[in-house]
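Each remark here refers to the structure printed beneath this line.
The values are calculated or read from the model by the stated rules, or taken from the named source; none is laboratory data. Bear in mind the structure is a predicted one, so any value in this text is a computation, not a measurement. Ideal geometry is used to build each Cβ from the backbone, glycine not excepted, and the neighbour counts take in all protein chains shown. The protein model used for the area step is the full one, side chains on, heavy atoms only, and it has no ligands, DNA or RNA in it. Shrake-Rupley method; radii C 1.70, N 1.55, O 1.52, S 1.80 Å.
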Amino acid sequence: MKAIEIAKNIYSVGVIDWNIRDFHGYSTERGSSYNAYLIVDEKIVLIDTVKKEFTDQMLENISSVIDPKRIDIVISNHTEMDHSGGLPRVMHYIGPDKPVYCSKMGFKNLSKHFPSGLNLREVKNGEELNIGKRTLTFLETRMLHWPDSMFTYDKTDKILFSSDAFGQHYAGFEIFDDKVGEEIMHHAKKYFANILLLYAPLILKLVEKVTEMGLEIKMICPDHGIIWRSDPSRIINAYVEWSKQEGHKKAVVVYDTMWHSTERMAEAIAEGIASQGVEARPIHIRSSDRSDIMTEALNAKAIVFGSPTLNNTIFPTVADVLTYMKGLKPKNKIGAAFGSYGWSGEAVAEMRGHLENMGMEIVDPGLRIQYVPDEQGRAEAYEFGQKIGKAVIDAL
Ligand code: FEO
């Protein structure tokens, strides 16, 4: 792959990872990319690198523009190894004494990743770096999504190099939003729901701060997926909407089942929810990746969990999704739990406990049915769903 000029003398030099399908537990059905950017000015600057195993490919891309040894400065917006893994090899190749600019926490974190030594230069929030015709500004974005994360803003071209923020796990030769179309919003939403959701309050503050600063943004260049150039405000507005977590007239019914009894309950509950004019999505956990469940849950007002009781506790796959969801800290949700059981039936109360711990408003103590739901059991499940549907309507 050759470098692609995205603005005068600014190049996308990253790589596409076509075949990755599992990104530390997040399903990447469309692969991903590790974006890096080269600015050719009086000083030549490389922003971020790529995963270690793709480093030579990135150096080849750079070579289609300049000899990589001419790079004067490397900026590391983020320490996570999908962006820093290539740093040691790049610095070895271009000259180990050349500076690597990073945030205060980047300094600490990069030192712990690469103790053998990089020439790290700590920059402060708002600090500027003149590289010739251009001036770059560094903006700390702590915890979006690591303590070291920062943005680099090119004042001249009004380009924001946003690290992980506004990214999407998407592999394709079309590198601009206007070349992909509507599909990209799904990938951006999935990325937000699974990587950034727990920092939603910080995102709202950051957008406020950027608005106050009057930062004009013509292009957003994230470290994954496409570049937002046709209307960058679209993804910023989507981030604001997702961060607010107001919830739509929608409920997800997330369940696992051993002998289809909990599944029958899930279907009747979903039907009861839908009878109230609320969109209901039953999701069998073993047919969906946890990251897709999280994406569906992002704009749902209600999250309903169903589990059989296995060995006196929650089914392991359900516990997995509950643990994952708890870490992402969804807000403003209504919760409920249900399940079929044989003789002890602890799962429902345990799930309710997890939902309460997540701060969800519990609309019912929970529905348990012994063994196989009969006609009366299915009617109870339907009514349980109706109650959830009504609660969603009342809450909006
Ligand atoms: Fe794409 Fe946080 O790394």
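Taken over the stretch 109-126, the criterion of being within 16 Å of Thr141 (Cβ to Cβ) and either touching a residue at least 40 places away in the same chain (Cβ under 8 Å) or of a type in the set (S, T, N, Q) (or both) is satisfied by Asn109, Asn125. Return a yes/no flag: does the stretch 113-126 have any residue that is assigned to a loop (DSSP other than H, G, I, E, B), touching a Phe, Trp or Tyr at 6+ places or on another chain (Cβ under 9 Å), open to solvent by less than 50 Å² (accessible area, probe 1.4 Å) and more than 13 Å from the ligand (Cβ to nearest atom). Yes: one or more hits.
Number of residues in the stretch 127-139 that are assigned to a loop (DSSP other than H, G, I, E, B), over 27 Å from Ala200 (Cα atoms) and open to solvent by 30 Å² or more (accessible area, probe 1.4 Å) equals 1. Selection of helices (runs of 4 or more DSSP H) fully inside the stretch 267-384 by the criterion of at least 3 residues being open to solvent by less than 30 Å² (accessible area, probe 1.4 Å) and more than 27 Å from His169 (Cα to Cα) returns 347-357. The residues on offer are Tyr191, Tyr199, Tyr153, and the sole one that is touching a residue at least 60 places away in the same chain (Cβ under 8 Å), out of contact with any Lys or Arg (no Cβ under 6 Å at 6 or more places or on another chain) and in the same structural domain as Asp22 (by TED's automatic domain parsing) is Tyr153. Filtered by the rule that a residue be within 13 Å of Thr313 (Cβ to Cβ) and of a type outside the set (Gly, Ala, Ser), the stretch 332-363 gives Tyr341, Glu346, Val348, Glu350, Met351, His354. Does Gly247 meet the test of being farther than 30 Å from Lys209 by Cβ, in contact (Cβ under 8 Å) with a residue 24 or more places away in the chain and not aromatic (Phe, Trp, Tyr)? So Gly247 does not fit the description; no. Within the option set Pro99, Pro68, being touching a residue at least 12 places away in the same chain (Cβ under 8 Å), under 17 Å from Val15 (Cα atoms) and over 27 Å from the mean Cα position of the chain (by Cα) holds for one residue only, Pro68.
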